[in-house]
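Novice: This is the structure, below, for whatever I ask next.
The values are calculated or read from the model by the stated rules, or taken from the named source; none is laboratory data. Quick caveat, the model's predicted, so the values are computed rather than measured. Glycine also receives a Cβ, built like all others from the backbone with ideal geometry; neighbour counts cover every protein chain displayed.
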Amino acid sequence: MRPIALFLVILLIVPVPAWAEEEDSPAEKKANGLWGPTPLGQLTPSESVVLNLEECIQRTITSNRELLVIDQEIQTAQEKEDEVHKIGYPVLEYEYNVGPAPKDVSRAVDSFFSGELTVFNKLKLGLGVPLQTFGKVNKGRELASLGIRAEKEKKEGKKTELALKVSQLYYGVLLAREVRRLIKTARDELAKQIEKRETRGGGDPTALLKMKLFRAELERRMEEIDKKEIMAKEALRILIDVGPSVRFEIASDRLRQVSKRVAPFEKYREAALHDRRDLKQLDILTEVRSQRAALEKLLPFPNLGVGAFFEMGRTPDVTGITTTDDFSDPLNFTRAGFGLRLAGQFDFHATASRIRQARSELFKTKIQRELARDGAILEVKEAYLNAKNIEQEIERTEEAEKLSRQLLFLTQSNYDIGLAEAKDLIEALQSFLEARGKFFEAVFNYNVAIATLDHKTGRTPQ
């Protein structure tokens, strides 16, 4: 049994060189076997894309479809701002009416019901140019501009959220491959030893059965890990917008701890209060509430404009009309005019009520903003504490790995001289695999914790 332990320890400690890796990971081969490189499983991938983490994030924040949706919302807000710019722009109104009319107006009812009808046509055009709204349009412009700013901050916040998701999935794929590589090494060597013992014959059959059970358990764990890798990689493919006909692979071959270390807490606190997009959106919302309260005060003021109209009616073959001038004839006329228009509405009770509502909304938003700031600091504290704890966890798992390695050697020695049973050796090997796996998990958690800190402080990927 000594060769199995020595072989496992050496292979699990020393990284496998890149040239020794398979062209496709086992999980990728399994996925291609299930649904192929395309939904139909018939086409050959037309191109290959290999991306590292930074490239995945860059691709996500430039081509992710969720961000494209927000771009359209920004465009909508910009069009609303353009719509508000109405001072000096003419507004044309038009109206056309057509219908039956009696031929003899002097006996209109008898003529209509006896079928003596003609056709009445009326065309009306109106042209108005707003000149002054006494501040209402300016307030509308400011509100529209704030809407654009809010949508842009929403997009930046979505970028930080997507960057965190990409980091989690990218490191998740690497974690799955590290753990699978670890378990596969143990399973393959166990299979060789089982085959040797079965070929040689003799020995303790109980020990052989325990080795077979352990091998089956390792294979079950590999299946679970393959499933997690497949789903993580497919989710990453969607986020970075890589089509199913493109072969996608991540550039990293090993899960390593990121070089970035946890800075003092005050740095993250200041960054969160200054850069978090949700806080900036609440700042904008507070300003919007303030501008709306000011707009309510301006609504009773009148609107001033200049306008003109042209109106024409034609009804052929009409008799019995006593007035034939253009301004009195209801059926045949041509009219036109122009002038200034000053219009408004004073409703003191309704206006005072709307102003009070606007002030109440403003006060509520200010409270929500203060609560959000406190909540943001709390989230940063939690993320910071988590990162610091995981830093210590990495040190503990490294120490646990060393101890489990020593236990494996001692158990192997005792087994060779008959002081330990096969189950003791298997348990020692399980302990080593578990300790090594926890170390990889701690590295994964630390890398994600650093990415989470960036997200909670509002750091936008560039």
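Novice: Inside the range 109-142, can you point out the residues that are under 14 Å from Gly320 (Cβ atoms) and either within 59 Å of the chain's Cα centre (by Cα) or in contact (Cβ under 8 Å) with a residue 60 or more places away in the chain (or both)?
Specialist: Hit for the range 109-142 is Thr118, nothing else.
Novice: Within the range 411-427, does at least one residue satisfy the condition of being of a type in the set (Val, Ile, Thr), surrounded by 18 or more Cβ atoms within 10 Å (Cβ to Cβ) and modelled with pLDDT of 95 or more?
Specialist: no
Novice: Here's another thing I want to ask about it. Just to be sure, is Leu218 of a type outside the set (D, E, K, R), free of Cβ contacts under 8 Å to residues at least 40 places away in the same chain and either in contact with a strand residue (DSSP E or B) (Cβ under 8 Å, 6 or more places away or on another chain) or buried (at least 17 other Cβ atoms within 10 Å of the Cβ) (or both)?
Specialist: Considered against the rule, which asks whether it is of a type outside the set (D, E, K, R), free of Cβ contacts under 8 Å to residues at least 40 places away in the same chain and either in contact with a strand residue (DSSP E or B) (Cβ under 8 Å, 6 or more places away or on another chain) or buried (at least 17 other Cβ atoms within 10 Å of the Cβ) (or both), Leu218 comes out as yes.
Novice: Continuing with this model, one more query. Which of the residues spanning the range 105-150 are in contact with an Asp or Glu (Cβ under 7 Å, 6 or more places away or on another chain) and not aliphatic (A, V, I, L, M)?
Specialist: Ser111, Glu116, Thr118, Lys124, Gly126, Arg141, Ser145, listed by residue number.
Novice: Out of Arg341, Arg335, which single residue is at pLDDT 90 or above, of a type in the set (D, E, K, R) and either outside the structural domain of Leu362 (by TED's automatic domain parsing) or surrounded by 12 or more Cβ atoms within 10 Å (Cβ to Cβ) (or both)? Can you show your working first?
Specialist: On the way: Arg341 fails: at pLDDT 90 or above.
Being at pLDDT 90 or above, of a type in the set (D, E, K, R) and either outside the structural domain of Leu362 (by TED's automatic domain parsing) or surrounded by 12 or more Cβ atoms within 10 Å (Cβ to Cβ) (or both) holds for just one of Arg341, Arg335, which is Arg335.
Novice: Would you mind finding the one in Ser48, Ser63 that is out of contact with any strand residue (DSSP E or B) (no Cβ under 9 Å at 6 or more places or on another chain), surrounded by fewer than 15 Cβ atoms within 10 Å (Cβ to Cβ) and in the same structural domain as Lys297 (by TED's automatic domain parsing)? Give the steps one after another, and end with the answer.
Specialist: Details: Ser48 fails: out of contact with any strand residue (DSSP E or B) (no Cβ under 9 Å at 6 or more places or on another chain).
Only one candidate qualifies: Ser63.
Rundown of residues vs (1) in contact (Cβ under 8 Å) with a residue 60 or more places away in the chain; (2) more than 40 Å from the chain's Cα centre (by Cα); (3) assigned to a helix (DSSP H, G or I); (4) not assigned by TED's automatic domain parsing to the domain that holds Leu273, yes/no style:
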position	(1), (2), (3), (4)
Ala350	no, yes, yes, no
Leu371	no, no, yes, no
Gly375	no, no, yes, no
Ala387	yes, no, yes, no
Leu407	no, yes, yes, no
Asn414	no, yes, yes, no
Ala420	no, yes, no, no
Glu427	no, yes, yes, no
Ala451	yes, no, yes, no
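Novice: Are any of the residues in the range 71-84 assigned by TED's automatic domain parsing to the domain that holds Met222, of a type in the set (Ser, Thr, Tyr), modelled with pLDDT of 90 or more and surrounded by fewer than 17 Cβ atoms within 10 Å (Cβ to Cβ)?
Specialist: Yes, the range 71-84 has at least one match.
Novice: If we scan the range 149-160, do we find a residue that is aliphatic (A, V, I, L, M), in the same structural domain as Asp416 (by TED's automatic domain parsing), touching a helix residue (DSSP H, G or I) at 6+ places or on another chain (Cβ under 9 Å) and surrounded by 14 or more Cβ atoms within 10 Å (Cβ to Cβ)?
Specialist: yes
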